[in-house]
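Where a number appears in this text, it was derived from the coordinates with a stated rule and is not lab data. No experiment lies behind these values; they were computed from the predicted model shown. Cβ coordinates were reconstructed from backbone atoms using ideal geometry, including for glycine residues, and neighbour counts include every protein chain displayed.
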Amino acid sequence: MKDTTTMQKWTRDQMARRVAQDIADGAVVNLGIGLPTLVANHLPADREVILHSENGVIGMGPAPAPGQEDYDLINAGKQPVTLLPGGCFFHHADSFAMMRGGHVDVCVLGAFQVSATGDLANWHTGAPDAIPAVGGAMDLAIGAKRTYVMMEHLTKGGESKLVPACTYPLTGIACVSRIYTDLAVIDVGPGGAVVIEQVEGLSFDALQKLTAVPLQRA
Amino acid sequence: MIDKTCPSAAAALADVPDGATVMIGGFGTAGQPNELIDALIEQGARHLTIVNNNAGNGDTGLAALLAAGRVRKIICSFPRQADSHHFDRLYREGKLELELVPQGNLAERIRAAGAGIGGFFTPTSYGTLLAEGKESREINGRMHVLEFPIHADYALIKAERGDRWGNLTYRMTARNFGPIMATAAKTTVATVHELVPLGTLDPEAVVTPGLFVQRVVQVARTATVGAGFKTA
């Protein structure tokens, strides 16, 4: 693996910054729980982006100052947030109409696995003793105009999370359009996996060796 | 004269029978009607079917109702959480039936019940475990899954202000399931922190019109801020 020795993996914040670059001025965005939440910290200051959270708020601002948390004002991860001028509240059916009706421009989700054609598995490991919990994952995956995934390129065991077919239970079929890993930005869809960008010091061939599906050059 | 106000949470829930389906508002603890859940535990109804987004946090509220062994089945989207130990134990012991529903389907099935809709097709969950055994159909070139409404005997919700007709407003993201659950139950019981005379609530800003609400109980305001309650 001498062709990967000089590579610099992207940190979680660098991944978040890279996602943020692809979010256009004026976009309405839903950031999933966990890694995707970091994207909010990296949105370019010269772009006005509206953050939606499925529990019933749009126009979310940054985390409140310590001591100013109000637990009636939380995001989908149940963390206290703030409201920007122009933001508002709504009930759950309206909130999911925003998602499911195609009114949200970009949704960023975490994942266990994504297939080359954009199938997503991110809600359930399928382990016999696991207690399943789905939340809004299936609605978010299929409802937004574009669904992006942020995930590590490899599992802790070193296996590719970009797979020919998901082995974990599916969240949605052909719903992901782009994935951001700690090694690369890759478009997925009917035409398969196309590498948009990779980390410095990592050759295309080395990336291919780490990835379980055939990669194409952009 | 119409007066939907009740003197206490206990009085508002006195007639809940064993086997009732009870919707409980809240997303996590925001909007969870704790006083009504405590009164339901005290009241003693058993074999309940509960509809909530989650399956209880910590040891209070919905978690306490589960721990008291009053619930037969829970319909929810996100039971597993860091502090859902009562649910986890009962589920693993086979003492609690779980119907896991994608959150958007949960909301829309409740809305459908309230609006008199007999069912709807949605792309959500198509091709997944949660669509197994359900009718599907291609509509406008996309596969959809048939989902049915969720009706309830009671809805227990937390609002912010209300009047004797049952008109309600909410506070920030504590609104969540309140307005739709209010429409889907035969008897909706709402707690409010302020009970105001008719005509006080801005008619342009009433969120739940009173006809969806049967009982209103005033409860003390509880702190939602680290440093105490901050007025909205």
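Side notes on the structure shown:
- In sequence order, calculated HN-Hα J values of the stretch B:93-104 (Karplus, 6.51, -1.76, 1.60; Hz; x Gly/Pro): 7, x, 9, 9, 7, 10, 10, 8, 10, x, 4, x
- Backbone geometry of the stretch A:187-193 corresponds, through the Karplus equation with coefficients 6.51, -1.76 and 1.60 at θ = phi - 60°, to 3J(HN,Hα) couplings of 7, 10, x, x, x, x, 9 Hz, x marking Gly and Pro.
- Under 5 Å between amide hydrogens, built in the peptide plane, is the criterion, and for B:Gln218 it picks out B:Cys6, B:Val192 among residues at least 5 positions away or on other chains.
- Over chain B, DSSP H runs of length four or greater, each weighted -39,500 (n - 2.57), average out per residue to a 222 nm ellipticity of -5500 deg cm²/dmol.
- Backbone geometry of the stretch B:173-183 corresponds, through the Karplus equation with coefficients 6.51, -1.76 and 1.60 at θ = phi - 60°, to 3J(HN,Hα) couplings of 7, 6, 5, 3, 8, x, x, 7, 5, 4, 7 Hz, x marking Gly and Pro.
- Within straight-line reach of A:Lys78, meaning a Cα separation under 15 Å, sit the following aspartates and glutamates at least 8 residues removed in sequence or on another chain: A:Glu54, A:Glu69, A:Asp70, B:Asp83.
- Amide hydrogen neighbours beyond the local backbone of B:Glu99, cut-off 5 Å, H modeled: B:Ile74, B:Ile75, B:Cys76
- Lysine pairs in the stretch B:5-218 with Cα atoms under 26 Å, if 8 or more residues apart or on separate chains: 6
- Other protein chain Cβ atoms within 10 Å, averaged over every residue that makes up B:157-165: 0
- The order of the peptides A:103-116, A:86-99, B:102-115, A:63-76 by mean Cβ neighbours within 10 Å, most packed first, is B:102-115, A:103-116, A:86-99, A:63-76.
- With K and R counted +1 and D and E -1, the other residues having a Cβ less than 13 Å from that of B:Leu106 yield a net charge of -2.
- Each DSSP beta bridge with both residues in the stretch B:5-218 is either parallel or antiparallel, and the antiparallel ones are about 30%.
- Less than 5 angstrom separates the built amide H of A:Gln216 from those of A:Ala193, A:Val194, A:Val195, all sequence-distant by 5 or more or on a different chain.
- Only helices enter the 222 nm calculation for chain A: every DSSP H run of n ≥ 4 contributes -39,500 (n - 2.57), and dividing by all residues gives -4000 deg cm²/dmol, rounded to 500.
- Model label zone, B:Thr60; criterion: amide N under 18 Å from point 7 Å along Cα-to-beta-carbon; scope the stretch B:4-26: B:9-10, B:25-26
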